[in-house]
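What follows is a single structure, written as structure tokens, with notes after it.
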């Protein structure tokens, strides 16, 4: 396999992975601290507080599993998005083009998503955040895909021009 066709694996940013570990450690310490605190036995503990810390710790475990298990794989003829729960993949011949969307969060921040759009609507659209650490080879491949957003803008511009 040549350098150009080597399989490339892209993981989430090291900062996100470190934050997931720190959050997990914080939650587990909080839960264990609550369970082994010097309250007067089990009767002195607040059950709601224990359930809350357990739920937060469970969320932290699941999030850490996702953060460390999610990868984008670019191989010789396929792109895959692998997560602990599922894998979506498209062969290059099945790809119609690319899109980029921006999602506004409840706090006003934005997350930019890259999308690989299939020719067949029954195939999965591969959508991922820009939180992955991509290299120049990935962006060269991605930028070579037809830009569906630009095509839509050109079509809209042309239709507006025809109406004049």
Folded to 0 to 90 degrees: helix 14-35 orientation relative to the chain principal axis, Cα: 20 degrees
Angle in degrees between helix 47-69 and the longest Cα principal axis of the chain, rounded to the nearest 10: 40 degrees
Förster radius 25 Å - calculated FRET efficiency between residue 11 and residue 141 (Cβ-Cβ, nearest 0.05): 0.90
Angle between the chain longest axis and helix 148-163 axis [Cα atoms, degrees, rounded to 10]: 50 degrees
Percent RCO, i.e. relative contact order, over segment 71-164, from Cα pairs under 8 Å lying at least 6 residues apart: 22 percent
Near-label residues of segment 83-121 by backbone N, under 19 Å of a point 7 Å along Cα→Cβ of residue 62: 83-87
Cβ-Cβ FRET estimate between residue 100 and residue 48, R0 fixed at 41 Å, reported to 0.05: 0.40
Cα→Cβ-extended label distance, 7 Å offset, between residue 107 and residue 129, nm: 1.1 nm
Average Cα contact separation per residue, the chain, under 8 Å, 6 or more apart, as relative contact order %: 20 percent
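Here, each number is a calculation from the coordinates, and none is a lab measurement. Quick caveat: nothing in here was measured; it's all calculated off a predicted structure. Every residue, glycine among them, receives a Cβ derived from its backbone with ideal geometry; neighbour counts consider all protein chains shown.
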